[in-house]
Structures are given as C-alpha cells and as structure tokens.
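Student: Got a structure for you, questions after.
The values are calculated or read from the model by the stated rules, or taken from the named source; none is laboratory data. Remember, it's a predicted structure, so these values are computed and weren't measured experimentally. Note that each Cβ is placed from the backbone with ideal geometry, even for glycine, and that neighbours are counted across all protein chains shown. Just the protein is used for accessible areas: all its heavy atoms, side chains included, with ligands, DNA and RNA removed. Shrake-Rupley method; radii C 1.70, N 1.55, O 1.52, S 1.80 Å.
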Amino acid sequence: MTAQGGLRYVYAVCRPFAAALQAQLTGVAGAPPGLLRHHGLVAVVSTVPESDFAEGPLREHLEDLDWLAATARAHQGVIDALTTVTTPLPLRLATVFRDDSGVRTMMEAREADFLHVLDRLEGRVEWGVKLYADPPEQATQPAGRPASGRDYLRQRRMHTRAHEEKWRAAEEFARVLHERLSERAEDSRLHPPQNATLSGVPGQNLLNAAYLVSRSDSEEFVELVDRTKDEAPEMRVELTGPWAAYSFTEPTAEPTTEPTTVPSAEPSTEPTAGPSEPAEAGEQR
C-alpha cells in the first residue's frame, strides 16, 4: 500500500507489543507513528511529505542544521516512547521507503538478522558515560626573579612534570573507570573522545563510552557511576540514558532492499537527539 500523500518513514523495528504508545505522540513532520506488522516483526512508521523527503529536497535539508536537529529530536522522541514499552532496534535517521510494500520487503530480507539482534537486546538499555578533565592551569611565574637561567629552567621543568603527572593520573582513572563499569555491563563500546570546540563542552574528554545494561541492573549501574563522582573531584563524570541500544545494533542497523533513491541519516554513536550531537546524515530507500 502506498502511503497516502507521502513516503513511509521508518523509526525502528521491534517485536509485537501489547502496550499502547502515547496518544498524543507525534513524530517527524508532526505525523503520529503507526505500526506495520510483518511476520514476527513490527516496523514503527509514519507518513512524511515527499516534498521534503524525496531525494532532492532531502539532500538540501540535510545541509540545514536547524532542520536536521528538529528532525532528529522528533525521531528520538518516538524512539524514547518505544523504549518505555518494548525493546526497539532503531534505524537510521531519515530511513524512508516509497510505500508499505518497500518496508515489508526490507523486513523480509533482514528478518533473521533483526530477530537475532532483538533477542540479544531484549530487556536491555544503553547508558552513556563521559569523563572530562579540565586542562591544567598555566604555570605561574614565581614571585621572585630566578637567581639564574639554570634556576628558571629547573622551575619550568618542575611545572611541566607536575602537569604531565596530573594528565597521566586522569588517563589512568578513565581506564580504571571503564573497566569497573564494563564489569557491571553486558557489553560496552568505546567511542572517539568529543572535540570540545565542536561539542561546546569544556574540558578534555578522556572517556566517551556506552554500556549495555539490563533494566533490572540499571539502578545498581547508576549508583556505581554516582559513587565515582566523589572519587575524582577535579574531573566531571556525566551519565546519560537510559537509551535504546544504538551502540549495540551492529550489523543490522542498515536494512538492505531495493531502495528508492532518497538519502537518509546514520544514527550517531550517541542516541539520535541526545544531549549533545545530532545524528549524521546517510541514505534513504
């Protein structure tokens, strides 16, 4: 069946679930999400205008950061709502098909992979942990004039050594923290450190990781993260979540089927519209 007046936008694939989504929930382009069933899977979809999501218009929109951020927030809102009632397998931002038939073809082609990943993620959520250290203060000049050039160089070496030791201690704390959290998680992923200039978050990002944790163990995991904040007074530990398990969907986050030639967006290593980065753009079908 062709989507009336538009294309089919797919947020996620999941197993059938009995709980109802929020009555007032809206997704991308303000459309309410619906369920499209195929065998033992459900695709969460909505209708989006072809004037915005066909190949040409979408490519232009993906260059518009405000449009991309708003679309990512709407996409993430649906994923968040799904996470409260089931275990979703999120698809790429702006994954679009021409009609319901295309969506079903995708589910048919990847059914075994989808079911395998959903089995692995069932009852589990993703928590994000970041560790930041503020850069060392610039060495201050001694109150008195150095007695000699040799004395000045000795003071500079002492300051440099102190700064290097501080960074080594911070890096070791990040390593130990990741090991401790990984022991309490079922799986973990290390992501590249955030660039402070791009993220707008001050400090050096020493740890940027995601942890797959069962819902039943999540309270204990959060308490463990909270306790570490007291162990590192000169560093900041940030916890985000619980999210759908974006970082643990490989290799099935990209469906393969006969595509419509329309670009879509890759989910970020963080949840799509999480506190920091918007998702990247990719290809549509």
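Student: Calculate one ³J(HN,Hα) per residue across the stretch 47-64 by plugging θ = phi - 60° into the Karplus curve 6.51 cos²θ - 1.76 cosθ + 1.60, and present them in order as whole Hz with x for glycine and proline.
Tutor: Result, ordered by residue: 9, 10, x, 5, 5, 9, 10, 5, 3, x, x, 5, 4, 5, 4, 5, 8, 9 Hz.
Student: Hey, how many Å between the Cα centroid of the stretch 169-224 and the Cα centroid of the stretch 1-59?
Tutor: The distance from the Cα centre of the stretch 169-224 to that of the stretch 1-59 comes to 33 Å.
Student: Please sort by residue number the GluC sites (Glu not before Pro) in the stretch 173-245 whose DSSP state is loop and whose Cβ has at most 16 other Cβ atoms within 10 Å. Don't jump to the answer; show the numbers that get you there.
Tutor: Numbers: sites: Glu179, Glu183, Glu186, Glu219, Glu220, Glu223, Glu231, Glu234, Glu238; in loops: Glu186, Glu231, Glu234.
Taking the stretch 173-245 and a limit of 16 other Cβ atoms within 10 Å, the loop GluC sites (Glu not before Pro) found are Glu186, Glu231, Glu234.
Student: So if each residue of separation counts as 0.36 nm, and I subtract the Cα-Cα distance between Glu186 and Val222, what length gain in nm does that give? Write out the running numbers ahead of the final one.
Tutor: Values: separation 36, 0.36 × 36 = 12.96 nm, distance 1.45 nm.
Fully extending the segment from Glu186 to Val222 adds 11.5 nm.
Student: Kindly provide the GluC sites (Glu not before Pro) of the stretch 74-124 that DSSP labels as loop, not H, G, I, E or B, and whose Cβ sees at most 16 other Cβ atoms within 10 Å.
Tutor: Working: sites: Glu108, Glu111, Glu122; in loops: Glu122.
Answer by residue number: Glu122.
Student: So if R0 is 41 Å, what FRET efficiency would Ala109 and Asp230 give, r being the distance between their Cβ atoms, rounded to the nearest 0.05? Could you put the intermediate results ahead of the total?
Tutor: On the way: r = 50 Å, r/R0 = 1.22.
Efficiency for this residue pair is about 0.25.
Student: A further question on this structure: Over the stretch 1-90, average the accessible area per residue using a 1.4 Å probe and give it in Å², no decimals. Show your work: numbers first, answer last.
Tutor: On the way: 4070 Å² over 90 residues.
Result: 45 Å² per residue.
Student: Considering only DSSP states other than H, G, I, E and B, which GluC sites (Glu not before Pro) in the stretch 1-78 qualify as loop sites with at most 16 other Cβ atoms within 10 Å?
Tutor: Values: sites: Glu50, Glu55, Glu60, Glu63; in loops: Glu63.
Of the GluC sites (Glu not before Pro), the ones in loops of the stretch 1-78 whose Cβ has at most 16 other Cβ atoms within 10 Å are Glu63.
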